[in-house]
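Everything on this sheet refers to the single structure shown next.
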Amino acid sequence: MDIAQFNRALQANVARVIVGKADVTELLLVALLVEGHVLLEDVPGIGKTTLARALARSVNASFARIQLTPDLLPGDVTGINYFNQKEQAFEFRPGPAFSQVLLADEINRATPRTQSALLEAMQERQVTVDGQTYPLPRPFIVLATQNPIELEGTFPLPEAQVDRFLMQVKLGYPTEEEEDEILQRYQSDDPLVALEPVVTAEDVLAQQAEVRSVHVSEGVRRYVAQVTRATREHPSVELGVSPRGTLALFKASQALAALRGRRYVIPSDVQFLSSAILTHRVHISPQVRLRGRTPAQVIAEITDAVPVPVTE
């Protein structure tokens, strides 16, 4: 299976469950191909959990969902060592983190201690319990959700954890036509129940290796660096994008180019991804925020201002 067949099969299969949102599905496929993690921030009922389940079923991946609450402990995420009375020995019981697609629902409701339990899993693809390190299955992707308007009983994500998310994605409300189609589609049955896999986890791993060979010219490579560096020099920004963010934009551009049928990256790939990958990594000053400006607007202004290279 080549990358074009891979893309068409997954897009069509997810579309059987999720009405519209083709651009969101494409972003999730980009994250899957670079094994990055996604922060889904939107109001309840938009379809964040359904989207995560549809993606997991489409790639025939193991799926686990954690409902994060203030009383959740790190061991509830990573797993624990328990004493097996029959064997008279301690055994490791894996937690939900040992799945290929992990949905962390309402991640900002967990305490900082529990949130930090995800850091090693997200960055190193492993967990350490009682001094013993366990590798996680591959591919491994965390899809975390949070409600942007509900602040009571929440704990803001620390910067170290926010920076480990490849991108932040908002689904948004459906159009009137899309909502009518949702009503028709879900009138008798839930299409998610009958959804079948169209690719395997091995196919995903093969495509991950393939996208790393997508060509990036020197001009486009420098353009990626110039865009992220401009965030550190913009007068409205207090904290710019880290080198991890630069690398994330670079790798994601390779994946997007491959999904769109090209073996090379063009500047429009970088521009398309800049909002999803860079917005959650910058912090604008309080004075700028009070004037009604948002990080997304600042990122759009930066990508418009940085000269676009002429590609061959």
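General observations
- Per-residue Karplus couplings for the range 39-53, computed as 6.51 cos²θ - 1.76 cosθ + 1.60 with θ equal to phi - 60°, are listed in order as 9, 8, 10, 6, 5, x, x, 7, x, 5, 5, 4, 4, 5, 5 Hz, Gly and Pro entered as x.
- Inter-label distance, nm, simple model (7 Å from Cα along the C-beta direction), ALA89/SER116: 3.3 nm
- Extension gain for ARG221 to ASP190 (0.36 nm times residue separation, less C-alpha to C-alpha distance): 6.7 nm.
- The range 75-147: GluC sites (Glu not before Pro) falling in loop per DSSP and having at most 12 other Cβ within 10 Å: GLU87
- Net lengthening on full extension, ILE80/ARG16 (0.36 nm per residue, minus Cα-Cα): 19.3 nm
- The C-alpha atoms of the chain define a longest principal axis, and helix 267-278 lies at about 50 degrees to it.
- Amide H contacts under 5 Å for LEU40, placed H, 5+ residues apart: ALA144, THR145, GLN146, VAL169
- Near-label residues of the range 290-307 by backbone N, under 13 Å of a point 7 Å along Cα→Cβ of SER268: none
- The H on the amide N of ILE284, modeled in the peptide plane, is under 5 Å from the matching H of GLU238, each at least 5 residues off or on a different chain.
- Rounded tilt (10° steps) of 112-124 against the dominant C-alpha axis of the chain: 70 degrees
- In order along the range 103-108, the Karplus-derived 3J(HN,Hα) couplings, from 6.51 cos²θ - 1.76 cosθ + 1.60 at θ = phi - 60°, round to 9, 9, 7, 6, 4, 7 Hz, and Gly and Pro are given as x.
- Fluctuation leader among SER242, SER58, SER274 - the chain, Gaussian network, Cα springs under 10 angstrom: SER242
- In this simple spin-label approximation, GLN67 and ASN147 carry label points 7 Å from Cα along the Cα→Cβ vector, and these lie 1.3 nm apart.
- Mean ellipticity per residue at 222 nm, deg cm²/dmol - from DSSP H runs of n ≥ 4 across the chain, formula -39500 (n - 2.57): -13500 deg cm²/dmol
- For ALA110, residues with placed amide H under 5 Å, excluding near neighbours: PHE155
- Computed with the Debye formula from one identical point scatterer per Cα of the range 213-305, without solvent, the log10 of I(q)/I(0) at q = 0.10, 0.14, 0.15 Å⁻¹ comes to -0.25, -0.47, -0.54.
- Length gained when the stretch GLN132-GLN208 is fully extended (0.36 nm per residue, less Cα-Cα span): 24.5 nm
- Our coupling estimate for the range 237-248, obtained by passing each phi through the Karplus curve with A = 6.51, B = -1.76, C = 1.60 and θ = phi - 60°, is 9, 8, 10, x, 6, 7, x, 4, x, 4, 5, 5 Hz, Gly and Pro reported as x.
- Shape of the chain, Cα gyration tensor, a/c cut at 1.5: rounded
- Cβ-to-Cβ counts within 10 Å put MET167, MET122, MET1 in ascending order as MET1, MET122, MET167, the fewest first.
- DSSP beta bridge pairing in the chain, given as percent antiparallel to the nearest 5: 40 percent
A short reminder: the numbers here are calculations on the coordinates, not readings from a lab. All values reported here derive from a predicted model rather than from experimental measurement. Because the Cβ atoms are built from the backbone with ideal geometry, glycine has one as well, and the counts that use them run over all protein chains shown.
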